[in-house]
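The values are calculated or read from the model by the stated rules, or taken from the named source; none is laboratory data. Computed from a predicted model, the values in this text were never measured in an experiment. For neighbour counting, all protein chains shown are included, and Cβ atoms are generated from backbone atoms with ideal geometry for every residue, glycine included. Remember, those area values only see protein heavy atoms, side chains included, never the ligands or the DNA or RNA. Shrake-Rupley method; radii C 1.70, N 1.55, O 1.52, S 1.80 Å.
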Amino acid sequence: MSNTKLEDIVSLCKRRGFIYPGSDVYGGLSGTWDYGPLGVQLKRNILQLWWKMFVDDREDMLGVDAAILMNQKVWQASGHVDTFTDPLVECSNCHARHRADKLDDPNKCPTCGKTDTFGEARQFNMMFRTFVGPNQGEEVTIGAPLDEQKRSVDLEGRKAITYEPSSVSYLRPETAQGIFTNFKNVVDSFYPDMPFGLAQQGKAFRNEISPRDFVFRSREFEQMEIEYFVHPDNWEEAFTMWLKLVHEWTDALGLPTESVHELEVPEADRAHYSKRTVDFEFDFPIGREELLGLAYRTDFDLQNIQKASGKSMDYRPKDGGEPFVPHVIEPSFGLERSIMAVLAAAYTEDEVNGEKRTYLKLPKHLAPVKVAVSPLLKNKPELVEKAREVYTALKKEFGNVMWDDNGNIGKRYRRQDEIGTPYCVVIDFDTLEDGTVTVRDRDTTEQQRVASTELTSKLA
Ligand code: GAP
């Protein structure tokens with residue numbers, strides 16, 4: 001797997017309709033990606049698997065789905081307005097801006113190649129700022145008197161935009177805050193036993209200085225996050241439980257155990273809210289990098305919400321014990337990095353009948369297309385009719401079934417292998433005689449004859 005090149009995955013993804021560059025037709029928009037028909041199916045399969053494993057199959061988990069736009073106080077209280085920054089340097093020669101801690105050579109501009117052109121790094125806040133409501137947007141010339149005292153001016157170039165400070169909002173840089181802000185609501189509605197977790201899936205946005213490596217570092221991405229609320233005395237036990245559960249998750253994604261590594265993050269590198277963080281790293285084609293994180297966030301967020309909102313975040317134990325503000329263990333999963341890891345682990349090259357073959361050895365439960373159905377020849381109406389019958393029955397059962405009658409049968413197999421379809425079903429002249437069909441296995445390329453009456457149950 002370490003030999004798999006990122007370019008091969010990127011190229012397969014674009015060619016076969018998994019992932020396209022965002023706004024491709026207009027020359028793209030850096031750090032954004034669009035999912036094609038197969039990509040969206042793979043994405044949904046991962047989201048659904050995660051929800052099943054961590055919400056539906058557990059007694060101690062509930063789900064939420066909060067708004068992306070939140071009151072600006074959320075991001076002030078959470079510390080993101082002040083500290084969600086990366087160090088930025090600008091080249092005095094070509095004016096390209098780079099993330100200072102990600103430069104191969106800290107003195108050399110990777111855009112123009114000049115050395116010693118960077119000044120002091122400044123902290124760049126990665127949240128996308130926006131304005132809610134119609135209280136913004138008048139363009140004024142800098143220096144001109146402002147009509148209303150209360151309006152602020154956003155200075156950029158010679159022109160400026162006026163805005164109501166209270167209308168400022170941010171695209172959320174993590175889904176976690178939508179969980180914390182609903183902690184009290186859920187406790188009031190459900191009064192769950194402690195410990196319990198709240199899960200959320202959804203978009204997050206970061207104005208990354210240098211988006212890179214395909215979807216790995218994007219400006220718009222999706223997170224799958226859990227805030228697991230515990231009594232402060234029990235955080236270590238819960239942390240250990242989640243370490244184990246995260247490994248079960250990476251197994252379910254089909255990632256080889258030896259390619260997944262735990263990294264105990266030293267204090268200096270931890271986020272401002274964390275007392276312990278273990279990053280789960282994966283051997284991506286770009287090297288060993290963070291796949292997801294597990295953090296002990298203490299009561300940092302709930303205490304801040306309590307202070308900023310004036311509302312109690314206490315949990316009252318059902319046994320009549322002392323109320324307390326819960327502590328939190330946070331497993332935080334990135335969907336794009338999961339997809340990239342799954343594709344990298346599945347990307348396989350071998351040789352079939354002396355010919356090079358590229359295929360995605362995806363776990364069957366993640367494959368975007370479960371079965372492809374073909375008539376051996378598309379100009380024989382009797383084969384097409386029978387194949388349509390089989391296709392309709394399988395589609396009703398499995399949903400993601402593809403009709404494929406393009407090119408010769410060898411080409412169809414290669415095409416389906418390349419998108420990771422586990423089984424190809426072919427209807428031929430024997431089918432009309434004895435009611436059997438050919439089922440071809442993606443990984444072994446072996447073919448079996450199966451009675452069409454038993455096809456659904458065999459495939460299931
Ligand atoms: N709530 C905690 C949190 O957001 P994080 O380590 O900043 O923690 C969690 O992000 C996960 O989100 C990462 O492990 C990664 O999988 C994903 N992620 C973060 N930034 C990303 C980006 N720019 N592009 C794609 N995925 C990203």
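Of the peptides 242-255, 272-285, how do they stack up when ordered by the mean number of other Cβ atoms within 10 Å, highest first?
272-285, 242-255
What FRET efficiency would be calculated for the residue pair M241, Q48, taking the C-beta separation as r and a Förster radius of 22 Å, to the nearest 0.05?
Efficiency for this residue pair is about 0.45.
Under 5 Å between amide H atoms, partner at least 5 residues away or on a different chain: which partners does V373 have, H built in plane at 1.01 Å?
M402, W403, D404, V425
Place a +1 charge on the Cβ of each Lys and Arg in the chain and a -1 charge on the Cβ of each Asp and Glu, then give the dipole magnitude about the Cα centre in debye, rounded to the nearest 20.
Magnitude of the dipole: close to 1300 debye.
Report the label-to-label distance for L29 and D193 in nanometres (one decimal), using points 7 Å from each Cα along the Cα→Cβ vector.
Here the answer is 4.7 nm between the modelled labels.
Pull out the extension gain between D233 and L69, defined as 0.36 nm times the separation in residues minus the alpha carbon to alpha carbon distance; nm, one decimal.
55.6 nm
Put +1 on the Cβ of each Lys and Arg and -1 on the Cβ of each Asp and Glu in segment 50-130; which of T117, P106, V55 then has its Cα farthest toward the positive end of the dipole?
The Cα lying farthest towards the positive end belongs to T117.
Work out from phi, with θ = phi - 60° and the Karplus expression 6.51 cos²θ - 1.76 cosθ + 1.60, the ³J(HN,Hα) of each residue of segment 442-458, listed in order in whole Hz, and give x for Gly and Pro.
Values per residue, Gly and Pro as x: 4, 6, 9, 6, 6, 10, 10, 9, 10, 5, 4, 5, 9, 4, 4, 5, 5 Hz.
Provide the per-residue ³J(HN,Hα) series for segment 221-237, in order, calculated from phi with Karplus coefficients 6.51, -1.76, 1.60 and θ = phi - 60°, each as a whole number of Hz, with x at glycine and proline positions.
Ordered by residue, 3J(HN,Hα) equals 8, 10, 10, 10, 10, 10, 10, 9, 8, 9, 5, x, 5, 10, 5, 5, 4 Hz.
Using a simple spin-label model with points 7 Å from Cα along the Cα→Cβ vector, what separation in nm is obtained for Q448 and L263?
Modelled inter-label distance: 4.3 nm.
Under the classification rounded if a/c is under 1.5, otherwise prolate if a/b is larger than b/c and oblate if not, where does segment 300-388 fall, given a ≥ b ≥ c as square roots of the Cα gyration tensor eigenvalues?
prolate
What does the accessible area of R288 come to, in Å² to the nearest 10, when a probe of 1.4 Å is used?
Rounded to the nearest 10, the figure is 130 Å².
Rank-order 334-347, 211-224, 65-78 by packing density, defined as the average count of other C-beta atoms within 10 Å over each peptide's residues, highest first.
334-347, 211-224, 65-78
Rounded if a/c is under 1.5, else prolate if a/b beats b/c, else oblate: with a ≥ b ≥ c from the C-alpha gyration tensor eigenvalues square-rooted, which is segment 369-459?
Rounded shape, in that the Cα axes give a/c under 1.5.
Does a label point 7 Å from the Cα of A308, set along Cα-to-beta-carbon, have any residues of segment 192-224 with amide nitrogen under 17 Å, and which are they?
The answer is 205, whose backbone nitrogens lie closer than 17 Å to the label point.
If you take the charge dipole of the chain about its Cα centre, with +1 on Lys and Arg Cβ and -1 on Asp and Glu Cβ, which of I46, Y163, Y359 is farthest toward its positive end?
Highest projection toward the positive end goes to Y163.
Which cysteines does the chain leave without a neighbouring Cys Cβ under 4.7 Å?
Lacking a cysteine Cβ partner under 4.7 Å: C13, C424.
By how many degrees, 0 to 90 and rounded to 10, does the Cα axis of helix 381-398 deviate from the longest principal axis of the chain?
40 degrees
Quick check: the angle from helix 409-419's long axis to the longest principal axis of the chain, C-alpha only, nearest 10 degrees?
That works out to roughly 20 degrees.
To check you understand DSSP bridge types, tell me what percent of the beta bridges within the chain (both residues inside) are antiparallel, rounded to 5.
90 percent
Kindly rank 231-239, 83-91 from highest to lowest mean number of other beta carbons found within 10 Å of each residue.
Final packing ranking: 83-91, 231-239.
Work out from phi, with θ = phi - 60° and the Karplus expression 6.51 cos²θ - 1.76 cosθ + 1.60, the ³J(HN,Hα) of each residue of segment 162-173, listed in order in whole Hz, and give x for Gly and Pro.
8, 7, 7, x, 6, 8, 5, 9, 9, 6, 4, x
What angle, in degrees between 0 and 90 and rounded to the nearest 10, separates the Cα long axis of helix 335-346 from the longest principal axis of the Cα atoms of the chain?
Taking the Cα atoms of the chain, the angle to 335-346 is about 30 degrees.
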